[in-house]
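For reference, the structure discussed in these notes is given below.
The values are calculated or read from the model by the stated rules, or taken from the named source; none is laboratory data. Quick caveat: nothing in here was measured; it's all calculated off a predicted structure. Using ideal geometry, Cβ is built from the backbone for each residue, glycine included, and neighbour counts are taken over all protein chains shown.
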Amino acid sequence: MEGFREEQAENGYMREMQVDFSKCDRNERMRVGSMVTEAAVYAGYDYDARGLTHEVLLERREVFLLSRMAIHIHDCPRDRDKLAITTWEDGAHGAHLQRHYEFRRPNGELCVSIRSDWILVDPITRKILRPSSFTARPLMPCPVEIDCPKPKKIAIPEEAEDLGTRIVRWGDLDGNGHLFSGRYGDIVWDFLPEDLQEKVPVEFYINYSREATLGETLNLRGHREGNAYRMEGLGPDGVCFTALAVF
């Protein structure tokens with residue numbers, strides 16, 4: 001059985017993986033929620049390989065939280081596809097630290113491009129830190145051009161319709177006790193109109209505003225406009241996320 005390669009560069013980390021059945025929808029296409037999940041996981045792989053594990057960052061009181069993401073799907077990966085996922089940091093812009101990704105097939109074909117923005121937080125005080133305060137490693141520019149739009153603000157119009165509610169369950173939680181970032185993509189798809197659930201988006205944007213925890217209820221609101229659908233999830237203290245899928 002052929003193994004999966006792993007490569008590390010000064011600013012770059014690549015690891016091969018295989019899309020399995022659990023990462024796909026009923027049409028055997030990789031779910032958007034799975035793409036968000038892999039992006040979050042690979043950021044951890046990159047830093048783990050550099051000795052900057054979650055435990056080390058906690059001791060330094062410098063942890064990263066995903067703030068927003070943009071995904072461009074060129075050709076959706078399918079069940080059993082082998083992918084080489086590469087991630088690069090791309091310095092800072094304002095309060096955000098930027099990280100980008102490419103998913104490629106073994107023949108080099110580009111399947112998915114991702115741009116993401118992260119915030120640096122003190123895990124004890126929960127205070128947002130300036131990117132310049134991060135000294136564990138230099139923040140470098142991305143060495144490749146990423147074929148993906150930048151993350152952006154997502155407005156939800158007043159006339160958005162109520163879609164229902166979603167309670168945060170035990171199986172939704174990550175190791176920090178919050179609704180895991182990849183779950184939000186699946187929640188969006190659960191509440192899309194049925195005809196859009198069957199489609200693969202060209203672009204997907206998501207912004208994370210507040211963390212949702214066990215037992216909290218998200219009130220979902222959505223709005224369809226042409227080939228796009230906007231959605232937001234409202235928690236007890238305000239907006240938890242906004243998302244935009246473009247088909």
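Residue count for region 193-202, restricted to those that are out of contact with any helix residue (DSSP H, G or I) (no Cβ under 8 Å at 6 or more places or on another chain) and assigned to a loop (DSSP other than H, G, I, E, B): 5. For ALA245, work out the one condition from (1) more than 15 Å from the chain's Cα centre (by Cα); (2) among the aliphatic types (A, V, I, L, M); (3) closer than 20 Å to CYS76 by Cα it doesn't fulfil. Among (1) more than 15 Å from the chain's Cα centre (by Cα); (2) among the aliphatic types (A, V, I, L, M); (3) closer than 20 Å to CYS76 by Cα, the lone unmet condition for ALA245 is (1). Scanning region 178-185 for residues that are crowded, with 16+ Cβ neighbours inside 10 Å, over 15 Å from the mean Cα position of the chain (by Cα) and on the phi < 0 side of the Ramachandran plot turns up nothing.
Among the candidates GLY175, GLY182, which residue alone is of a type in the set (Gly, Ala, Ser) and part of a helix (DSSP H, G or I)? When all the criteria are applied, what remains is GLY182.
Exactly one residue out of ASP162, ASP190 is assigned to a helix (DSSP H, G or I), charged (D, E, K, R) and either touching a residue at least 12 places away in the same chain (Cβ under 8 Å) or outside the structural domain of LEU234 (by TED's automatic domain parsing) (or both): that is ASP190. For region 4-36, the set of residues classified as part of a loop (DSSP other than H, G, I, E, B) and free of Cβ contacts under 8 Å to residues at least 12 places away in the same chain consists of ARG26 only. Given the criteria in contact with an Asp or Glu (Cβ under 9 Å, 6 or more places away or on another chain) and either aliphatic (A, V, I, L, M) or on the phi < 0 side of the Ramachandran plot (or both), does ALA155 qualify? Taking the combined requirement at face value, the residue does not satisfy it. Counting only residues that are in contact (Cβ under 8 Å) with a residue 40 or more places away in the chain and not hydrophobic (A, V, I, L, M, F, W, C), region 81-115 holds 14 of them.
Residues checked against (1) in the same structural domain as CYS240 (by TED's automatic domain parsing); (2) surrounded by fewer than 20 Cβ atoms within 10 Å (Cβ to Cβ); (3) under 27 Å from LYS127 (Cβ atoms); (4) of a type in the set (Gly, Ala, Ser):
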site: GLY12; (1), (2), (3), (4): no, yes, no, yes
site: MET30; (1), (2), (3), (4): no, no, no, no
site: LEU57; (1), (2), (3), (4): no, yes, yes, no
site: VAL63; (1), (2), (3), (4): no, yes, yes, no
site: TRP88; (1), (2), (3), (4): no, no, no, no
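Scanning region 93-148 for residues that are of a type in the set (S, T, N, Q) and surrounded by 17 or more Cβ atoms within 10 Å (Cβ to Cβ), which turns out farthest from GLU55 (Cα to Cα)? Selected residue: SER113.
Across region 124-137, which residue is nearest to ARG60 (Cα to Cα) among those that are in contact with an Asp or Glu (Cβ under 9 Å, 6 or more places away or on another chain) and without any contact (Cβ under 8 Å) to a residue 60 or more places away in the chain? Selected residue: THR135. Within region 235-247, which residues are surrounded by 20 or more Cβ atoms within 10 Å (Cβ to Cβ) and either at pLDDT below 95 or not small (Gly, Ala, Ser) (or both)? Hits for region 235-247 are CYS240, PHE241, THR242, LEU244.
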